[in-house]
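Notes to accompany the following structure.
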Amino acid sequence: MQTAVPETLSFPLPLLQQTLCEHYRRLSPASRKLRFMGGLNDDALVRVVHASNPDLTLGIECDDALRAILELYFVDGIHAEIGLSVEDAYQGRGYGRTLFHRGLAEARARNMETVDVNFLRSNLAIKKFCIEEGGEVRCRGAECVSQLSLK
Ligand SMILES: CC(C)(COP(=O)(O)OP(=O)(O)OC[C@H]1O[C@@H](n2cnc3c(N)ncnc32)[C@H](O)[C@@H]1OP(=O)(O)O)[C@@H](O)C(=O)NCCC(=O)NCCS
């Protein structure tokens, strides 16, 4: 496994959104579908990104670009949601698990009690991460959610 240290992306919102957009555009259609739980063309992707304003964003840089990005949203004072993606050519190197662990640690440090992860039933990698963290997985049709306790 390649070691990689996630960095916090403390960019102004327009630059953050541009960075997210560039990363998401580099995802394959299959990875985009897994990330957004549905197929998104480039126009839809831009609309999604321009509506997004994560409370915390972490990234792993490699080959002069952010290849792995995690977004953390604080839903209220104690609940958070996580979304993450790793560009296809960089998957399987441990970036996803590293980011996931760091995201949970950041949520815990902000006194969050639970983190929700939404994913497609076919997404065995993220399901594995959730189970490793003690999360129960609940599925309805093709969509699943795992609520991770941080206590
Ligand atoms: C899910 C995702 C973030 C994982 O990132 P990654 O960098 O490839 O993950 P890692 O290399 O850290 O670990 C992947 C683990 O999943 C396992 N895995 C991958 N595909 C699998 C499959 N089809 N079945 C079972 N396990 C699988 C790997 O074996 C590995 O586990 P191991 O280290 O114990 O062997 C990445 O695949 C991705 O971005 N997918 C598209 C977007 C997405 O699904 N986002 C999550 C929903 S928000």
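The values are calculated or read from the model by the stated rules, or taken from the named source; none is laboratory data. Keep in mind that what you see is a predicted model, and the values were worked out from it rather than measured. Positions of Cβ are backbone-derived with ideal geometry, glycine not excepted, and every protein chain shown enters the neighbour counts.
The set of residues from segment 85-106 being near the ligand (Cβ under 7 Å from one of its atoms) and surrounded by fewer than 21 Cβ atoms within 10 Å (Cβ to Cβ) comprises 90, 91, 92, 93, 94, 97.
Do we find that residue 11 is under 25 Å from residue 150 (Cα atoms) and surrounded by 13 or more Cβ atoms within 10 Å (Cβ to Cβ) in this structure? Considered against the rule, which asks whether it is under 25 Å from residue 150 (Cα atoms) and surrounded by 13 or more Cβ atoms within 10 Å (Cβ to Cβ), residue 11 comes out as no. Residue 122 fails exactly one of the following numbered conditions: (1) assigned to a loop (DSSP other than H, G, I, E, B); (2) away from the ligand (no atom under 13 Å from the Cβ); (3) hydroxyl-bearing (Ser, Thr, Tyr). What is the number of that condition? Exception for residue 122: condition (2).
Take the residues in segment 107-128 that are out of contact with any strand residue (DSSP E or B) (no Cβ under 8 Å at 6 or more places or on another chain) and over 17 Å from residue 78 (Cβ atoms), then tell me which one is surrounded by the most Cβ atoms within 10 Å (Cβ to Cβ). Taking the candidates together, the pick is 125. Going residue by residue through segment 96-118, is there one that turns out to be touching a helix residue (DSSP H, G or I) at 6+ places or on another chain (Cβ under 8 Å), within 17 Å of residue 27 (Cα to Cα), in a loop (DSSP other than H, G, I, E, B) and not aromatic (Phe, Trp, Tyr)? No: zero hits. Taking first residues from segment 88-108 that are within 10 Å of residue 6 (Cβ to Cβ) and partners that are modelled with pLDDT under 95 and near the ligand (Cβ under 10 Å from one of its atoms), the Cβ contacts under 7 Å between residues at least 6 apart in sequence or on separate chains come to 95/4; 98/4. Of the residues making up segment 119-131, those that are out of contact with any helix residue (DSSP H, G or I) (no Cβ under 8 Å at 6 or more places or on another chain) and more than 15 Å from residue 33 (Cα to Cα) number 4.
I'd like to check something: does segment 30-42 contain any residue that is away from the ligand (no atom under 14 Å from the Cβ), surrounded by fewer than 19 Cβ atoms within 10 Å (Cβ to Cβ) and either of a type outside the set (Val, Ile, Thr) or not in a loop (DSSP other than H, G, I, E, B) (or both)?
Residues of segment 30-42 away from the ligand (no atom under 14 Å from the Cβ): 41-42.
Now narrow it down to the ones that are surrounded by fewer than 19 Cβ atoms within 10 Å (Cβ to Cβ): 41-42.
Now narrow it down to the ones that are either of a type outside the set (Val, Ile, Thr) or not in a loop (DSSP other than H, G, I, E, B) (or both): 41-42.
Among the residues of segment 30-42, at least one is away from the ligand (no atom under 14 Å from the Cβ), surrounded by fewer than 19 Cβ atoms within 10 Å (Cβ to Cβ) and either of a type outside the set (Val, Ile, Thr) or not in a loop (DSSP other than H, G, I, E, B) (or both), which makes the answer yes.
The single condition among (1) over 14 Å from the mean Cα position of the chain (by Cα); (2) over 21 Å from residue 25 (Cα atoms) that residue 93 does not meet is (2).
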